[in-house]
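Heads up: the structure comes next, in structure tokens.
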Amino acid sequence: MSPGILILFLILALAILVLPRKLLIIPFLTGAFLMWLSAQFYVGGVHWLVLRLLILLVLARLIFFRPKEGDEPSRITGGMTEIDRAFLFSVLAQAVCVVLLFWQSDAVVNQAGFLIDFLGGYFVVRFLVRDRNDLYRALKCLAILSFILAVGMVIEQIKLVNIFALLAGIAKSPDVREGKIRSQGVFQHSIPAGTVAATWIPLFFMLFRNGKSRLLAAIGLLSSAVMVYTSQSSTPLLAFAAGFLGLIFWFVRDKMRAVRWGLVLSILALAVVMNAPVWYVIAHIDLTGGSSGYHRAFLVDQFIRHFWDWWLIGVRDTASWGWDLWDVQNQYIAVGESGGFVGFAFFIALVTRCYVRLGNARKKVAGNNSEEWIFWFLSCSFFANTLAFIGVNYFDQSRISWFLLLSAIATTTTAALREPATEVIPSSPAVSVRSGNPQPLTSLVDRGTPAIRWR
């Protein structure tokens with residue numbers, strides 16, 4: 001481990017031990033998005049990644065250390081929701097299937113690390129993001145981090161040097177494809193680097209509109225756009241477009257059922273008129289001139305054709321499916337490959353339950369635009385992620401961004417779905433109708449944040 005990474009790790013570890021609970025998300029996100037993932041300690045014959053150690057430190061702080069004055073006991077907002085359960089069972093299925101598939105002690109050690117990374121990382125974020133203020137605090141931190149990452153990725157374009165790799169003691173130049181430099185920043189590849197930035201953009205819009213931090217939100221928006229551009233990859237651009245398409249759909253938010261059916265009918269029409277299977281539409285997506293659209297489409301095709309290879313306990317290797325198919329850059333297929341049909345089904349359940357909860361929560365606060373926008377921004381970010389999953393696998397610290405979004409959805413929708421529906425009466429002050437006892441909506445919140453009371 002390089003001296004720079006060691007010093008940064010020690011500073012972050014100290015911060016985790018001494019800061020109050022509400023600020024722990026800051027050193028955790030800083031460690032996740034500023035330290036090279038492969039930086040590690042070698043102890044007891046096991047490689048301990050620095051991010052993994054940060055996860056364990058936060059968990060130890062939350063579980064074993066007495067709460068500081070003013071802190072609440074460690075808990076999860078709303079308890080275990082269906083989102084948490086679907087995520088838990090999907091991850092457990094993947095770990096169990098890999099152990100059964102390889103049946104070696106090394107596989108057990110490997111999957112123990114996988115569980116720390118995924119279950120530990122997810123529940124750390126879930127513990128730390130308990131309400132909207134925690135979410136905004138995390139987004140402010142991400143805005144600053146995105147600026148640092150954007151500067152580093154611009155330097156890659158100009159100097160062909162990755163400063164984050166240098167900090168970790170690694171000499172690394174960015175990849176170049178079709179004459180275009182693909183900056184990756186602290187991430188392990190340019191695709192997750194740009195994709196994560198694209199999915200942050202709707203969240204920074206939310207921070208701009210509702211978080212009372214317009215300067216930081218503007219910095220985050222500009223920096224994320226720079227990260228998307230300098231990654232020079234089609235998947236980030238697709239996620240970027242998906243996020244903005246979702247924002248445009250705000251104007252037809254009450255007709256989304258018709259939009260969804262229109263999408264289904266369009267896919268069926270394509271299936272009828274295309275000579276190849278409909279998923280080969282992916283092969284025609286090339287937004288940068290050097291994309292691997294055909295590879296993505298062929299991967300989906302072979303995943304379907306080899307269903308009986310992976311459905312029970314996954315498959316050891318997909319390289320035998322076709323040329324270059326060892327590179328599983330598709331989140332859905334990556335889950336099925338390692339977790340079999342059970343892991344795949346729970347992952348699909350996770351995605352659908354998030355959409356359902358977001359839709360129900362938005363309908364619950366219908367009529368209050370400020371509240372509706374919260375869930376719409378979250379929906380746009382989630383839509384950008386789920387569409388990007390066709391071309392990316394979150395195999396590096398990008399998964400922390402995914403955990404943050406899932407935690408934000410679980411927390412905010414829990415608070416909204418608990419409250420009885422509100423009714424806004426025209427030409428009179430907004431009131432909340434609950435059991436025949438009207439109260440002003442502003443009395444339901446703390447410090448003027450509209451519409452939802454946090455418990």
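The values are calculated or read from the model by the stated rules, or taken from the named source; none is laboratory data. It should be emphasised that the depicted structure is a prediction, and the values quoted were computed from it without experimental measurement. Counting neighbours? That spans all protein chains shown, and the Cβs are built from the backbone with ideal geometry, glycine included.
Some observations on this one:
- When we screen L59, L19 for residues that are without any contact (Cβ under 8 Å) to a residue 60 or more places away in the chain and either hydroxyl-bearing (S, T, Y) or assigned by TED's automatic domain parsing to the domain that holds D131 (or both), the only hit is L19.
- The number of residues in the range 64-79 that are modelled with pLDDT under 80, surrounded by 15 or more Cβ atoms within 10 Å (Cβ to Cβ) and under 16 Å from L119 (Cα atoms) comes to 0.
- The criterion of being more than 30 Å from L149 (Cα to Cα), at pLDDT 95 or above, of a type in the set (A, V, I, L, M) and surrounded by fewer than 17 Cβ atoms within 10 Å (Cβ to Cβ) holds for V356.
- Of the helices (runs of 4 or more DSSP H) that lie entirely inside the range 80-172, those containing 3 or more residues that are in contact with a helix residue (DSSP H, G or I) (Cβ under 7 Å, 6 or more places away or on another chain), surrounded by 20 or more Cβ atoms within 10 Å (Cβ to Cβ) and touching a residue at least 12 places away in the same chain (Cβ under 8 Å) span 82-102, 121-128, 132-159.
- Considering residues of the range 310-341 that are at pLDDT 95 or above and surrounded by fewer than 17 Cβ atoms within 10 Å (Cβ to Cβ) only, the residue farthest from S234 (Cα to Cα): L312
- Any hit, the range 230-243, residues being of a type in the set (A, V, I, L, M, F, W, C), surrounded by fewer than 18 Cβ atoms within 10 Å (Cβ to Cβ) and at pLDDT below 95: no
- Qualifying positions in the range 270-328 - on the phi > 0 side of the Ramachandran plot and touching a Ser or Thr at 6+ places or on another chain (Cβ under 7 Å): G314
- W326 falls short on exactly one of the conditions (1) within 21 Å of the chain's Cα centre (by Cα); (2) assigned to a loop (DSSP other than H, G, I, E, B), and that condition is (1).
- Only one of the numbered conditions (1) within 12 Å of the chain's Cα centre (by Cα); (2) over 30 Å from L287 (Cα atoms) is not met by F382, and that is (2).
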